[in-house]
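Quick notes on the structure that follows.
The values are calculated or read from the model by the stated rules, or taken from the named source; none is laboratory data. Not measured: the values here are computed from a predicted model. Positions of Cβ are generated from backbone atoms using ideal geometry, with glycine treated the same way; all protein chains shown enter the neighbour counts. In case anyone asks, the SASA skips ligands and DNA or RNA and just uses the protein heavy atoms, side chains included. Shrake-Rupley method; radii C 1.70, N 1.55, O 1.52, S 1.80 Å.
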Amino acid sequence: MEVYTSDSSDTDSREQKTLDFGRMSLDLVTLEDHLASPQKALLRSSGDIETMLLNHNQLVGLPRVLLQFANLKILDLSSNAITSLPDAVCQLPLVTLIAKNNLLTNASLPKSLLAKMANGGGSTSNSTLKELNLSGNQLTHFPEQVTELRHLKYLYLGGNKISGISKDIWKMQSLHVLSLGGNQISEVPEAVGSLNQLQALVLCDNLIEILPTSIARLKNLKSLLLHKNRLRHLPKDIVALKNLTELSLRDNPLVVRFVQDMALKPPTLLELAGRMVKASGQRPGPYDIPRTLAEYLQSANCCVNPNCKGVFFDNRVEHIKFVDFCGKYRVPLLQYLCSSKCIEPEQPAARGSTVPAANASSGFMMRKVLLG
């Protein structure tokens with residue numbers, strides 16, 4: 001994965017085109033005086049400035065003279081007391097906008113984050129913005145205007161109070177990093193699985209109980225951080241993520257739910273009859289049985305036990321199986337079986353392996369998972 005974080009903007013070597021006002025205890029008035037000062041002649045050379053660092057000050061807003069820096073590409077506003085971002089910010093050709101650790105709300109963000117045309121006559125279809133960091137603010141829901149940024153690669157929204165992820169996130173096909181840790185998210189939409197370029201997905205410290213199976217479509221994913229959630233199992237298709245090198249699962253329940261602890265309802269006569277028909281290999285024709293029964297037989301699900309050729313319909317046994325993953329850790333995957341007899345015993349670990357044997361204590365096995 002490309003090594004890139006929002007903090008890299010602070011340390012990148014752009015001295016000749018950088019204006020650094022960071023950590024100077026500036027408020028809005030003093031900053032405007034600095035920028036407009038004839039002695040410093042900053043406005044006359046504004047066309048040469050590409051990076052402006054205003055981090056760790058006492059700003060509650062942005063000065064109007066900022067717009068005169070027409071070639072500004074990187075703007076760092078982190079760790080101030082900014083309560084709103086004016087629409088004028090969108091007129092700058094920014095590539096990186098860092099506004100983390102401020103007092104921004106959803107209402108205080110620009111209605112559109114797309115770059116405006118120079119004459120103010122509307123918005124262009126493209127945006128130069130590649131990185132947007134709004135972490136550590138007071139956002140309560142996913143900012144929908146962010147989905148307009150089709151060329152955005154890095155989106156940081158951690159440390160807010162966001163309760164859900166936009167279902168339109170699939171539009172952001174250029175995303176490499178999506179960071180949403182430290183929010184109040186309880187559900188991950190299927191649309192996340194459409195982010196084909198995604199390499200890092202940060203969902204730690206939320207309220208997530210279930211991951212969508214579409215996660216398995218993120219073929220380029222290398223880092224998946226899920227610690228401090230409410231996950232009890234992972235979708236079995238997650239093993240398809242062959243490029244995944246970092247998986248964090250600590251501080252999740254991930255409790256093995258054994259069959260004997262579950263209230264299993266006996267199968268209905270319809271279910272038993274359907275299983276018998278499927279097991280016999282018979283294929284009733286359209287005139288042999290009613291259409292509804294034919295559709296019922298077609299809805300059969302195969303038991304995942306490779307040694308079982310049985311099927312199930314509405315009645316199934318849910319079982320958690322620990323599976324070796326990426327050669328590093330064991331993850332609990334949910335299986336659907338036709339019968340409790342299909343539960344395969346855990347195989348002992350190979351000699352020299354760090355994976356615990358089947359009869360090892362469940363606590364030790366669980367620690368191996370959580371350490372992932």
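Within segment 66-90, restricting attention to residues that are touching a Lys or Arg at 6+ places or on another chain (Cβ under 8 Å) and under 20 Å from L155 (Cα atoms), the residue that is most open to solvent (accessible area, probe 1.4 Å) is D87.
So, in segment 177-220, of the ones that are in contact with a Phe, Trp or Tyr (Cβ under 8 Å, 6 or more places away or on another chain) and of a type in the set (S, T, N, Q), which residue ends up most open to solvent (accessible area, probe 1.4 Å)? The selected residue is S194. Within segment 164-185, can you find the residues that are farther than 12 Å from L203 by Cα and free of Cβ contacts under 8 Å to residues at least 60 places away in the same chain? The answer is S166, K167, D168, I169, W170, K171, M172, Q173, S174, L175.
Can you tell me which residue in segment 133-176 is surrounded by the fewest Cβ atoms within 10 Å (Cβ to Cβ), limited to those that are polar (S, T, N, Q) and farther than 21 Å from I82 by Cα?
Q173
Return a yes/no flag: does segment 31-50 have any residue that is touching a strand residue (DSSP E or B) at 6+ places or on another chain (Cβ under 6 Å) and either modelled with pLDDT of 90 or more or under 30 Å from L198 (Cβ atoms) (or both). Yes, there is a match, as at least one residue in segment 31-50 is touching a strand residue (DSSP E or B) at 6+ places or on another chain (Cβ under 6 Å) and either modelled with pLDDT of 90 or more or under 30 Å from L198 (Cβ atoms) (or both).
When residues in segment 186-206 are screened for being touching a residue at least 60 places away in the same chain (Cβ under 8 Å) and assigned to a loop (DSSP other than H, G, I, E, B), 1 of them pass.
All conditions in (1) at pLDDT 95 or above; (2) surrounded by fewer than 16 Cβ atoms within 10 Å (Cβ to Cβ) hold for K242, with the sole exception of (1).
Would a scan of segment 18-27 turn up a residue that is open to solvent by less than 70 Å² (accessible area, probe 1.4 Å), part of a helix (DSSP H, G or I) and at pLDDT below 95?
No, that holds for no residue.
In segment 207-251, of all residues being outside any loop (DSSP other than H, G, I, E, B) and of a type outside the set (A, V, I, L, M), the one that is farthest from V188 (Cα to Cα) corresponds to E246.
Residues are listed down the side, and each one gets a yes or a no for (1) in a helix (DSSP H, G or I); (2) closer than 24 Å to L226 by Cβ; (3) at pLDDT below 80; (4) more than 35 Å from the chain's Cα centre (by Cα):
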site: V255; (1), (2), (3), (4): no, yes, yes, no
site: L272; (1), (2), (3), (4): yes, no, no, yes
site: P284; (1), (2), (3), (4): no, no, no, yes
site: T354; (1), (2), (3), (4): no, yes, yes, no
